[in-house]
Amino acid sequence: HTFQLNVDEFVDNSENYTQAVDLLNNGEIVAFPTETVYGLGAVATNEQAVKKIFAAKGRPSDNPLIVHIGTVEEVSLYTTNISEVAQKCMEAFWPGPLTLVMDVKPNVLAPSVTAGLDTVGIRMPDHPVALELLQTLKKPLAAPSANRSGKPSPTKAEHVFEDLQNIIPCILDGGMTGIGLESTVLDVTLDTPVILRPGGVTKEMLEAVIGPVVEPSLEQQKIESTPKAPGMKYTHYAPDAPVYLIEANKKAIETAIAELKPVHKVALLAPQNFEEIEADYYFSFGNEHDLEQMSASLYDALRSCDKTDATIILATATSKNGVGTAIMNRLEKAAGGKWYSL
Ligand code: TXA
Ligand code: MG
């Protein structure tokens, strides 16, 4: 049985936080909102609790978890060799959607958190509920996204409920998350920092603060035999029906749909200016020129397809400028790299 606690910012929620903190202190796992996506948290120093995360998600044990902290100062409790680059990143982007991969301090965190690596991904989230929870708990929270492994990350409490009802005891419901895509993961243990996963903090934003940063393409990531971000080798963000990318061009989409209609139920995921196209199902990415709106609505749109009997999903590609890099990264993964071709 899973209960949902509303933590609407206009009412006194202290009892709900107390309840969540008690559960966490008792070795239970709790879902909570962050500014990116909902996380599934366990006290990061409690190995038994952390193991429950992997079981609840069906997550492979070689994929490490991000550690969330409620104050910047805590970073030195869990990491060593904090470089100047790391320091600058924390000052500029924390709290916020940037996870820093740093050298882990030995024998402090539960072993499963780092999955045997000598580094740890760590971030301070920028969300009132996440921060209130962490600052009341006064302990670090290991938290991956609160979805079943392979599914799109949850941007609403109801997404968490769909995936994990009766599997986890509690969801803190803080409404829709803001950014809608997972944090940027930046490895700062290397001479030139490497973006292991693009997100809301873009390459340009990072370079303005720390100078040159490497951002491998999806193709480059695949070629590497031992991926630096173990999560990159798994299928991700995928609804049940196959997803195909398609150019954001009315003629191309109409032609594809005409061709598919005799044998398929087609779901179209596209900006609002394509809504008059006659697909069997249509889910909007919002305004075509507003990449923030598109990243906020992407996972909800992908998840909505699972509630239909669509047998194929067409999703329009977007620019790779700014946060478009992160949007296209997730879309390419959801599509397994497939583009629709006539
Ligand atoms: O926005 C987010 O980052 C959300 C919210 C809940 O904070 N969390 C999230 O966690 O997306 P998860 O577990 O779904 O993704 C974590 C990613 C994975 O790709 C994992 O492989 C990578 O970060 N990662 C974690 N620790 C790492 C490490 N030490 N070295 C390299 N990659 C690491
Ligand atoms: Mg995830």
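The values are calculated or read from the model by the stated rules, or taken from the named source; none is laboratory data. Only a predicted model underlies this, so the values are computations on that prediction, with no experimental measurement involved. Backbone-built Cβ (ideal geometry, glycine too); neighbour counts: all protein chains shown. Calculation scope for accessible area: heavy atoms of the full protein, side chains included, ligands and nucleic acids excluded. Shrake-Rupley method; radii C 1.70, N 1.55, O 1.52, S 1.80 Å.
The alpha carbon gyration tensor of the range 238-314 gives principal lengths a ≥ b ≥ c with a/c of 1.5 or higher and a/b no greater than b/c, which makes the shape oblate. Our coupling estimate for the range 243-253, obtained by passing each phi through the Karplus curve with A = 6.51, B = -1.76, C = 1.60 and θ = phi - 60°, is 9, 10, 6, 9, 4, 7, 9, 4, 4, 4, 5 Hz, Gly and Pro reported as x.
Sequentially through the range 204-213, phi angles give Karplus couplings (6.51, -1.76, 1.60; θ = phi - 60°) of 4, 4, 5, 5, 5, 9, 10, x, x, 10 Hz, Gly and Pro residues having no value and appearing as x. Rolling a 1.4 angstrom probe over the protein heavy atoms with all chains in place gives the range 93-188 an accessible area of 32 Å² per residue.
Of the residues 145, 153, 76, the one that moves most in a GNM of the chain with alpha-carbon contacts below 10 Å is 76.
For the chain, carbon and sulfur atoms together expose 50% of the accessible surface, with a 1.4 angstrom probe and every protein chain in place. Scoring 250-259, 34-43 by mean Cβ neighbours within 10 Å over their residues and listing the highest first yields 34-43, 250-259. Springs between Cα atoms under 10 Å define the GNM used for the chain, and in it the highest mean-square fluctuation of 91, 73, 278 occurs at 73.
Compute a Gaussian network model of the chain, connecting alpha carbons closer than 10 Å, and tell me which residue from 210, 69, 195 fluctuates the most. Among 210, 69, 195, the largest GNM mean-square fluctuation belongs to 210. For the range 168-173, backbone phi angles converted through the Karplus equation (6.51, -1.76, 1.60; θ = phi - 60°) give residue-by-residue couplings of 10, x, 8, 10, 7, 9 Hz, Gly and Pro being listed as x.
Distant-in-sequence amide contacts of residue 39, defined by a placed amide H-H separation under 5 Å and a gap of 5 or more residues or a different chain, comprise 32, 34, 146.
On a per residue basis, the range 12-84 carries 38 Å² of accessible surface, using protein heavy atoms and a 1.4 Å probe.
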